[in-house]
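Notes to accompany the following structure.
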Amino acid sequence: MSRFFSEKYSALVPYTPGEQPKNMEYVKLNTNESPYMPSNNVYDAVKKEAEKLHLYSDPQASVITEKIANRYGVSKDMVLVTNGSDEVLNFAFMAYGDKEREMLFPNITYGFYTVFADLNGVKYREVPLKDDFTIDINDYIGKNTTIVIANPNAPTGIALSRDQIEEIVKSNPNNVVIIDEAYVDFGAESCVDLVHKYENLLVTMTFSKSRSMAGARIGFGIGSKAIINDLNTIKYSTNPYNVNRISQVAGACAIDDDNYYMDNCKKIIEAREYTKSELEKLGFFVLDSRANFLFAKSDKISGEELYLKLKENGVLVRHFTSEKIKDFNRITIGTKEQMDIFLGKTKEILEAKK
Ligand SMILES: *Cc1c(COP(=O)(O)O)cnc(C)c1O
């Protein structure tokens, strides 16, 4: 830290992204990217748009915003497109976080929430999951405070039902409930249609996982006009051109090619269920995932040792060191072929320990 750094950030512990190794080719199952390429139309559109890079991007991101609105059955003024969903989440922490009243989210969830809270001086409380890693919705009913829930949750992959989400939203009418649906396309129930019924609901989604565009940085929020209006106030006070030209057209194409991406999700779900049952045959305990990853542990090997040995063998998974989840690894679901490599290496590692 330099002696010039503002005191208000001096204690900030930034988010640690998963490794993006450049030294060798891994079977990369550590950051929940899609194993599938973007659809063909994306390439042509991006190439054409490159000719206009001397011009600012559309601050309203009109084309992609309209396509998202149609896809999700809402009006354009209920959608905000952002630079990854991390950005809309940060905007929401800025807009709805409070210095005194504790914002609530689970103690095991997306690691960025505590960072956004600390960055923005937001007070928060991390609510423990139940012993089976599920969320007890009673912890969030009638709390009169801002709530953030990833559904499905990460890194557990466990989902709440739309009805359970509705109970939480309905019981906190004077506060915003943020539902982070980054992984919803992999088999959970979306609550996005509830934005018509509840003006305090903000749903966030991303093109990074189910739409094969982690590198394009496109996310969006869907909520009542009033909420989207608030978030626009913050956007236009920080970075009006938050989504670049290339990403705007790439994302618009991806919505046009929705069937391609939703078919890929089906393949990933199949590969997930296959991998889960194979891991269980190897004696792993695997949580019930509705996401494009599995969260699994074995009593034959520690989470850290398995992570390190897989890495030596060219397979990268995500290991978290926090006490409550250090026995586990989070394994992104790739293609069936990639999962067979992962399973084969895991089996070899376990056998070598006998
Ligand atoms: C990946 C992820 C995000 C955001 O990803 P972006 O790439 O910024 O869109 C948000 N929430 C959760 C739970 C995630 O796993």
Query raised in the report: Can you give the Rg to Rh ratio for region 175-235, taking only C-alpha atoms and Rh from Kirkwood?
Result: 0.99
Query raised in the report: Roughly what percent of Cα-Cα pairs across region 239-354 reach past 16 Å?
Result: 65 percent
Report summary line: Sorted on mean Cβ neighbours within 10 Å (highest first), peptides 335-346, 192-203 come out as 192-203, 335-346
Report task. Could you grab the relative contact order for the chain? Cα pairs under 8 Å, six or more apart, rounded to a whole percent. Result -> 23 percent
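Where does the chain land at 222 nm, in deg cm²/dmol rounded to the nearest 500, when only DSSP H runs of n ≥ 4 count, each adding -39500 (n - 2.57), divided by all residues? Each step should come with its number before you reach the end.
On the way: 10 runs with 127 residues, N = 354.
Roughly -11500 deg cm²/dmol at 222 nm, from the helical runs in the chain.
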Requested in this report: Pull up the cross-link candidates among the lysines for LYS276, meaning alpha carbon to alpha carbon under 21 Å and not fewer than 8 places away within one chain.
Outcome: LYS28, LYS209, LYS266, LYS267, LYS297, LYS300, LYS309, LYS311, LYS326, LYS336, LYS345, LYS347
Query raised in the report: Among ARG101, ARG272, ARG3, ARG217, which comes first, then next, by fewest other beta-carbon atoms within 10 Å?
Result: ARG3, ARG101, ARG217, ARG272
Report task. From zero up to wherever the largest Cα-Cα distance of the chain sits, split into 10 Å bins and tell me the percent of pairs in each. Result -> 5, 24, 32, 26, 11, 1, 0
Report summary line: Simple SL model, points at 7 angstrom along Cα→Cβ for SER62 and ASN174; separation in nm is 4.1 nm
Query raised in the report: How high is the relative contact order of region 272-354, in percent, with contacts defined as C-alpha pairs under 8 Å that are six or more residues apart?
Result: 29 percent
Query - Equivalent ellipsoid dimensions for region 12-155 as semi-axes, Å, which come from the Cα gyration tensor, largest first - result: 32, 22, 16
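Bear in mind that the values in this text are calculations on the coordinates, not laboratory data. Being a predicted model, the structure only gives us computed values, none of them experimental. Every residue, glycine as well, gets a Cβ built from its backbone with ideal geometry; the counts of neighbours run over all protein chains shown.
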